[in-house]
Amino acid sequence: MTGPRGTRETGDKTGIEMVPGSWSSIVLITVLTVMLAAFAGQPSIHAVLRTLYFAALLATFHGIRRQQPSLNTTPFRLLELGFLVLTLGYAAAAIIRLTGLEDQSRFYLVLNQNLEQGAVFLLGVSLITYGILLFLPSLVESHRVLRERIVEVEVSHDRMEHRMVEADRYQALGELAAGIAHDLRNPLTIVKTAAESLARKPRTHAEIEEHSDVIARNIEKAERTIAALLDLGKARTLAPRMHDLNDMVTELTTLVRPEARRRRVEIVSPACEELTVFTDPKLLSQAVLNLVLNALQASSRDKTVVIKTRRFERGGAHAAAIIVEDRGTGLHASDRAKIFSPFFTTKDEGTGLGLLSCRRILEDLGGGVKLFPRHRGGARALILLPMAPAEALT
């Protein structure tokens, strides 16, 4: 593949950047090298092959200099001149040998020796050597400049990466601050309005109770937001151990059954095979309880919430799962990408931090949680847990 003058081509197989025409030159020089070795015992043929060999080198270097203006320097011209002297010298020697002049006159015999191994040969080699010696300093300087440029690019990249990280941090901080402000401003505004309303004119006992109830409920909402934030940022001390997963689910079902009755929602936990996991049971119960309460709150009357466990294998690791299903309004496609975002909630009384805290707990335990919509309505929460200390699931 060739390209316009002054450009480079890339070999399809090796990916090495080459000057246009270099591959053909390499092939030709390689063939001539093999032929020189093969016909070493035949002086006449060897003389012609040597001429062609150095002519190919001369053509290659001349082509490179023409296509790369930056190489049009004294060192490179000395290299080209050295190959020109060797080519002309071996061409003259080949003519003398092929015409038999060296056998007819001692002059031609001595001339042939000077052309092939003597003064002309040494002149060509010397010119090539001078070109290489003069070319080396510029090569070293180019290498130094390239290294400095690489260092500059790396420093610039590091700075840009640092700025991007800082920008992401500030954006996340801004979103967090906006969420906190939103979740605290609304209840505080209501509290302020209710308090001002009470102070504006005398109120009946019933009106005072009504305003006090509004104030208390909104203060509780602000407290839940603050408590959830503190819980989210709190360092956790894990105490993992082997324990039966079904026993924990049974205890949890018993704990939330009064709330389920109050909401007139049935909660069931089908019997499953014995399933032992390696986690912190206290933290796991906290995370599962959050998901079960979400399922209860999403369910309408006379619906059912199901909590079940199962065993399966994933990526060669044995895993255990807790599945919490409800038959509520479901999980909208537009909400799935934001469901674990801070302060995102679809509930009037929600803080938008429960699912985020739940996911963090389960990740600390080496597991994970995902939410899916059910085909028959409602949502499904899938908790994955390690069954052995060395296993972790993502």
Inset, instruction - Report, ordered by the first and then the second residue, all pairs with beta carbons closer than 9 Å, sequence separation of six or more or different chains, a first member in the range 212-233 that is assigned to a helix (DSSP H, G or I), and a second member that is surrounded by fewer than 13 Cβ atoms within 10 Å (Cβ to Cβ) and modelled with pLDDT under 75. - result: Arg217/Glu349; Lys221/Glu349; Arg224/Glu349
Inset, instruction - Take the range 254-285 and flag every residue that is part of a helix (DSSP H, G or I), crowded, with 16+ Cβ neighbours inside 10 Å and under 42 Å from the mean Cα position of the chain (by Cα). - result: Pro281, Leu283, Leu284, Ser285
Legend entry - Residue in the range 61-77 that is nearest to Ser44 (Cα to Cα), counting only those that are surrounded by fewer than 20 Cβ atoms within 10 Å (Cβ to Cβ), without any contact (Cβ under 8 Å) to a residue 60 or more places away in the chain and in contact with a helix residue (DSSP H, G or I) (Cβ under 7 Å, 6 or more places away or on another chain): His62
Legend entry - Residue match in the range 281-296 (condition: at pLDDT 85 or above and among the β-branched types (Val, Ile, Thr)): yes
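I'd like the full set of residues that are more than 60 Å from the chain's Cα centre (by Cα) and more than 21 Å from Leu52 (Cβ to Cβ), limited to the range 119-138.
Step one: list which residues in the range 119-138 are more than 60 Å from the chain's Cα centre (by Cα), which gives 119-120.
Once the filter is applied, which keeps residues that are more than 60 Å from the chain's Cα centre (by Cα) and more than 21 Å from Leu52 (Cβ to Cβ), the range 119-138 yields only Ala119.
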Inset, instruction - Return the pairs, sorted by first residue and then second, in which the second residue is assigned to a helix (DSSP H, G or I) and among the basic types (Lys, Arg), the first residue lies in the range 120-149 and is closer than 13 Å to Phe76 by Cα and without any contact (Cβ under 8 Å) to a residue 60 or more places away in the chain, the beta carbons are less than 8 Å apart, and the residues are 6+ apart or on different chains. - result: Gly131/Arg77
Inset, instruction - Specify which of the listed residues (Gly89, Gly124) is within 17 Å of Pro43 (Cα to Cα) and either surrounded by 10 or more Cβ atoms within 10 Å (Cβ to Cβ) or touching a Ser or Thr at 6+ places or on another chain (Cβ under 7 Å) (or both). - result: Gly89
Inset, instruction - Filter the range 337-394 down to residues that are at pLDDT 65 or above and of a type in the set (Lys, Arg) and give me whichever is surrounded by the fewest Cβ atoms within 10 Å (Cβ to Cβ). - result: Arg376
Legend entry - Given (1) closer than 20 Å to Leu109 by Cβ; (2) touching a residue at least 24 places away in the same chain (Cβ under 8 Å), number of the condition Leu81 does not satisfy: (1)
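The values are calculated or read from the model by the stated rules, or taken from the named source; none is laboratory data. Keep in mind that this is a model prediction, so the values were computed, not measured. Every residue, glycine among them, receives a Cβ derived from its backbone with ideal geometry; neighbour counts consider all protein chains shown.
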